[in-house]
């Protein structure tokens, strides 16, 4: 399940906790993407990958790519630019957090909508047949008069 969260809330939490929450958020986002895509979390999706500068850029680009895959897998037209996610946004007041969280929120909406459609009965839905009566229990009949 994808957790919806305020993009500004994530950004402020990351600032107020001196980026500690950023690492928690990054690991959670990649764990949720791996779950949606049915894969394991790759090494560049782990929180520690954001500590090494060049690896953090590669990790952000890969996360954007996984987010694109997840949107495409669920039929969403939303796209995530790896260039914005890994190069432009981090330089603009760490706005990559807001950028990626907004795309995660739209993915959560798409997944929830598709799940609701999948759970609803479709036209031509045939309910399952009733279970047969047990051989040990005779059918219930009214007593006959002799």
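Any residue in the range 19-34 that is in contact with a helix residue (DSSP H, G or I) (Cβ under 7 Å, 6 or more places away or on another chain), touching a residue at least 12 places away in the same chain (Cβ under 8 Å) and more than 28 Å from residue 113 (Cβ to Cβ)?
Yes, the range 19-34 contains at least one residue that is in contact with a helix residue (DSSP H, G or I) (Cβ under 7 Å, 6 or more places away or on another chain), touching a residue at least 12 places away in the same chain (Cβ under 8 Å) and more than 28 Å from residue 113 (Cβ to Cβ).
For the range 35-44, give me each residue that is free of Cβ contacts under 8 Å to residues at least 40 places away in the same chain and farther than 22 Å from residue 91 by Cβ.
Within the range 35-44, 35, 37, 38, 39, 40, 41, 42, 43 qualify.
Can you name the residue in the range 43-54 that is surrounded by fewer than 13 Cβ atoms within 10 Å (Cβ to Cβ) and outside any helix (DSSP H, G or I) and, of all such residues, is modelled with the highest pLDDT?
So the residue we want is 51.
Only one of (1) in a loop (DSSP other than H, G, I, E, B); (2) closer than 19 Å to residue 9 by Cβ; (3) in contact with a helix residue (DSSP H, G or I) (Cβ under 8 Å, 6 or more places away or on another chain) is not met by residue 40, so which one is it?
(2)
Please give the number of the condition residue 105 fails out of (1) modelled with pLDDT of 95 or more; (2) part of a loop (DSSP other than H, G, I, E, B).
It is condition (2) that residue 105 fails.
Out of the range 1-15, which residues are under 21 Å from the mean Cα position of the chain (by Cα), assigned to a helix (DSSP H, G or I) and surrounded by fewer than 15 Cβ atoms within 10 Å (Cβ to Cβ)?
8, 9
How many residues does the range 16-30 hold that are assigned to a helix (DSSP H, G or I) and loosely packed, with under 14 Cβ neighbours inside 10 Å?
Just the residues of the range 16-30 that are assigned to a helix (DSSP H, G or I), to begin with: 16, 20-30.
Add one more test, that the residue is loosely packed, with under 14 Cβ neighbours inside 10 Å, and what stays is 16, 20.
Of the residues in the range 16-30, 2 are assigned to a helix (DSSP H, G or I) and loosely packed, with under 14 Cβ neighbours inside 10 Å.
For the range 78-98, which positions are closer than 16 Å to residue 10 by Cβ, in contact (Cβ under 8 Å) with a residue 24 or more places away in the chain and either crowded, with 16+ Cβ neighbours inside 10 Å or in contact with a helix residue (DSSP H, G or I) (Cβ under 6 Å, 6 or more places away or on another chain) (or both)? Let's see the steps before the verdict.
Looking only at the range 78-98, we keep the residues that are closer than 16 Å to residue 10 by Cβ, and these are 80, 85, 89-90, 92-98.
Now restrict to residues that are in contact (Cβ under 8 Å) with a residue 24 or more places away in the chain: 85, 90, 94-98.
85, 90, 95, 96, 97, 98 - these are the residues of the range 78-98 that are closer than 16 Å to residue 10 by Cβ, in contact (Cβ under 8 Å) with a residue 24 or more places away in the chain and either crowded, with 16+ Cβ neighbours inside 10 Å or in contact with a helix residue (DSSP H, G or I) (Cβ under 6 Å, 6 or more places away or on another chain) (or both).
The values are calculated or read from the model by the stated rules, or taken from the named source; none is laboratory data. On a predicted model such as this, the values are computed, not experimentally measured, just so you know. As a convention, Cβ positions derive from the backbone with ideal geometry for all residues, glycine included, and neighbour counts pool all protein chains shown.
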